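Heads up: the structure comes next, in structure tokens.
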Amino acid sequence: RMGGISTLFEKRREAVAKATDRNGFSIPMGSRVRAFRYVDGQKSETVWDARVLKVSAFGDTVTLEFTVTGSAKNAADPKDNTQEVPVEWIAEDLDLIQSLSAIGILDDAQHYWTILLPASEQYVARTLVPCQRDAIFGVRRQATLSHNEAVMKLLERGNSIGIGNAELWSVLTWIRDLAPIIVHIDLDAVLEFLEKDTHYRNQFETASSKGLLCPQKREEWEQNLFGGCYDQAQPLERPKYGVLDVMNDHRGVLCARDYGDSYLMLKNARLRCTFSPVDSGGICGNRLAVLDQYAHCLMEFSDDELKEVSRIANAKEGSPDRIGDSTKLEGFNYKEAQIHG
């Protein structure tokens, strides 16, 4: 009934590595890409614009329709415009780059996330509707400013309570890469709906809630949090709410169990979540963060919370010390996640 087991948390890196294996390649058909092609039977020296027509059953090759322009178009055999090439020859997924840019992930940040996350998690960005993309973009833009302003203050504060700079960078890395995102649920109440529904629903769709059931108040809160991005949204487009298990407690986040004593651990969600250091009801949007811009949220942790997260983040991977205790979260200060899409 607790949901999840501690070994799942410890094995996330291994799971990510397996998910990014080329046999799991899952670029959607129709995607616009830049890729190498065959020229006179050899790999071309430059990349060409193309569209994905088909991915082989084993995912090791992909059939592309290349766009040939200019003098090359006159010289090329039209049959050569459609080629089956090794999947490694795809240099850029233009649609993915555009989708990541739309939520504020640019340049080096794109490179990092595409290395860390499996393809399935990256492509979630392509499924977001405009109001969701705009909300994440706005939070990321403000969070980047707030994070950069907070970093030096965080390091100074850490040093004052016995946490070194390297340990604090490990905390930021732990939160960015591995801290589980979970949703507490009352399994007895929702099991039948989870069995027959394809989506987890918000209170605008279900007219029910374990928290405050007041759509008008929630609309007001979301307007303040996301700058009005959801003002015209359909119910199914609005955020759902969970928690960031910063303490890596296999029991879940105990101070969030009023929402249910079971929990779901989310996958394919790290790029489409925003976060707050407390429950987001009534707070300002400038307190929100994203996983790689989180220093200002850490500044709102108590000293004891910061010490406990540091202990977990700096423990040897696979050791019992990697498992924390969410009762160390003071009061009712769970670290909320807003889940978009």
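Here are a few things to note about the model shown:
- Only Cα sites of the stretch 138-258 enter the Debye sum here, all with the same form factor; the resulting log10 I(q)/I(0) across q = 0.16, 0.18, 0.20 1/Å is -1.03, -1.16, -1.24, listed in q order.
- One Cα centroid belongs to the stretch 80-120, the other to the stretch 133-190; the line between them spans 25 Å.
- Using the average count of surrounding beta-carbon atoms within 10 Å as a protection proxy, the listed peptides 320-331, 127-138, 235-246 rank, highest first, as 235-246, 127-138, 320-331.
- Highest mean packing first, where packing is the average number of other Cβ atoms within 10 Å per residue, the peptides 40-47, 110-117, 260-267 line up as 260-267, 110-117, 40-47.
- Using C-alpha pairs below 8 Å separated by at least 6 residues, the relative contact order for the chain is 22 percent.
- Once the Cα atoms are used to define both axes, helix 303-313 deviates from the longest principal axis of the chain by about 40 degrees.
- Principal axis dimensions, the stretch 86-151 - Cα atoms, whole angstrom, descending: 44, 28, 16
- Look at (i) 25.6, 84; (ii) 18.2, 56; (iii) 22.4, 72: the one that is Rg and Dmax of the Cα atoms in Å derived from this structure is (iii).
- Look at the dipole of the stretch 132-222 built from charges on Cβ: of A189, W174, I161, the Cα furthest out on the positive end belongs to I161.
- Sum of -39500 (n - 2.57) over DSSP H runs of 4+, divided by residues of the chain (222 nm, nearest 500): -11000 deg cm²/dmol
- Ordering of 210-219, 171-180 by burial proxy (mean other Cβ atoms within 10 Å per residue, highest first): 171-180, 210-219
- Nearest-ten-degree value, helix 165-177 long axis tilted from longest Cα axis of the chain: 70 degrees
- Here the dipole of the chain is about 240 debye; that uses its Cα centre as origin and unit charges on the Cβ of Lys and Arg (positive) and Asp and Glu (negative).
- For the options M247, M152, M299, a Gaussian network treatment of the chain with springs between C-alpha atoms closer than 10 Å singles out M152 as fluctuating the most.
Read-outs: derived from the displayed coordinates by stated rules, not from any lab. Because the structure is predicted, anything quoted here is derived from the model rather than measured. Quick reminder, even Gly has a Cβ in these numbers, built from the backbone with ideal geometry, and neighbours come from all protein chains shown.
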